[in-house]
Amino acid sequence: DLIVANDVSQGSGVGSSGVLGGDRNRVRIVSKAGVEEWPEMSKDDVAARLAALIAERLKTIIV
């Protein structure tokens, strides 16, 4: 299981307009292994990296 968490507050430090309505994001991935903080990146890059992470995890389940 994974939880993707992001701080949507104005003081989140992401871009000048914050996360909502902006093009950038900084997320934390929470799993049984712990919390992994990803650096600030475009929302498209977050989506691509998240898709790759999910695909990699599915490989270990579907063998």
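So which residues in segment 17-46 are exposed (fewer than 12 other Cβ atoms within 10 Å of the Cβ) and part of a helix (DSSP H, G or I), if there are any at all? Selection gives ASP44 alone.
For segment 1-16, the candidate set comprises residues that are of a type in the set (A, V, I, L, M, F, W, C) and assigned to a loop (DSSP other than H, G, I, E, B); within that set, the residue that is modelled with the highest pLDDT is LEU2.
The values are calculated or read from the model by the stated rules, or taken from the named source; none is laboratory data. Predicted model only: the values in this text are computed from it and were never measured. Backbone-built Cβ (ideal geometry, glycine too); neighbour counts: all protein chains shown.
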